[in-house]
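Remarks on the structure that follows.
The values are calculated or read from the model by the stated rules, or taken from the named source; none is laboratory data. The shown structure was predicted, so the numbers you read here are calculated from the model rather than taken from an experiment. Note that each Cβ is placed from the backbone with ideal geometry, even for glycine, and that neighbours are counted across all protein chains shown. With ligands, DNA and RNA removed, areas are computed over all heavy atoms of the protein, side chains included. Shrake-Rupley method; radii C 1.70, N 1.55, O 1.52, S 1.80 Å.
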Amino acid sequence: MVQMARAYLTEKQMPKNFWYWAILHAARMMNAIPGKYKGKWASPFMLVHGEHPDPRTWTPVFSLCYFHHSKDGGETRSTHMSQTLDGVVLGRCSKSNALLVYNPRNKQRYEPDTYKFDSYRLPCSVYPDLQYDGGLFCSLLRDDNPAMEEKYPPGTRVERLDTSCNVLKSGTVMDIPLSPAKPGDKSSNVRYTILFDDNTTTSIPLSEMSDCIPKPPVSLATDESAEASLLPPFLQVGNKITFEHEGAYVKGYLTKSGGVYRFSYKSHPNKKREEWGVNLPDLPRRWPGSGHARAW
């Protein structure tokens, strides 16, 4: 449960004061995991409620969420005001089982009935006050140690050959040494604690850590495919998009000609040639902030 909660916070780069919500969601999800009970598979949820959990109630915790919000307290928002509010998903309400959303700007929690998740952005990109501060690993207190760069911080993935069975084992740095090694001293006894994926642990000296870092895979992707990977799945060549043109929104298609992305308008989808279009230069790097093209 603790490892699941750490993963939730690390994945969404959330500060550690959301630890309670991470543990709460981890417990909820673990209650849905089946196990052997009296010779049959059953989850804790099923044993208590007599039915299988509904996957539709599972939520991407700490994701950005946009929801319908038409009232501020007892006052209804006017038609010229925004009817949408954003926030961070905390999980499910313990009383109503409705989605629970927290807005860091006004420090309020909401239970919206209509909402939409945004899995392409981290909360810290919208709320600057939500900064990942780590601090969820043991043995990280440094009293009078001089400030220095930690080459292998907790969470670093490593690989090491187990000579007893000749198997390459993968693991994660859990604890770092508190006593820094002297520069150039390769014989130092400074060691890192590694937790392997099979739940075994070992201690690796600093002098051997560089050999345990996995080598980055060799990318065979072309420059064009690498550029396309910067765009989300709904904004690829051939997809339908809406483009803001001269103050009006026009539906068309995203095309690419001569290496340049282009909005193409056709009055009928079976037409081979566009009637008019607009070039979208450097779209993969400009689309989040350009605000001109969107999927439909």
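Let me cross-check Thr193: its accessible surface, 1.4 Å probe, with only protein heavy atoms counted, in Å² to the nearest 10?
Approximately 50 Å² for this residue.
Grab the other residues whose beta carbon is less than 11 angstrom from that of Glu274, score K and R as +1, D and E as -1, and report the net.
Here the charged neighbours net out to +4.
Going by average Cβ density within 10 Å per residue, which order do the peptides 42-48, 98-104, 232-238 take, highest to lowest?
Ranking the peptides 42-48, 98-104, 232-238 by packing returns 98-104, 42-48, 232-238.
Tell me, what is the FRET efficiency for Glu51 and Gln108 to the nearest 0.05, using R0 = 35 angstrom and their Cβ-Cβ distance as r?
0.55
Over 20 Å between Cα atoms, which of Lys16/Lys215; Lys12/Lys151; Lys12/Lys116 qualify? Spell out each step's value before the answer.
Working: Lys16/Lys215 31 Å; Lys12/Lys151 22 Å; Lys12/Lys116 17 Å.
The pairs that break the limit, which is 20 Å between Cα atoms, are Lys16/Lys215; Lys12/Lys151.
Of the peptides 24-31, 87-94, 271-278, how do they stack up when ordered by the mean number of other Cβ atoms within 10 Å, highest first?
87-94, 24-31, 271-278
How would you rank 108-119, 1-12, 68-79, 156-167, highest first, on the average number of other Cβ atoms within 10 Å across their residues? Please list the in-between numbers first.
On the way: 108-119: 13.8, 1-12: 16.1, 68-79: 10.2, 156-167: 12.3.
Ranked by mean Cβ neighbours within 10 Å, highest first: 1-12, 108-119, 156-167, 68-79.
Which lysines does Lys271 reach when only Cα atoms under 24 Å apart count, and residues fewer than 8 places away in its own chain are ignored?
Output for Lys271: Lys240, Lys251, Lys256.
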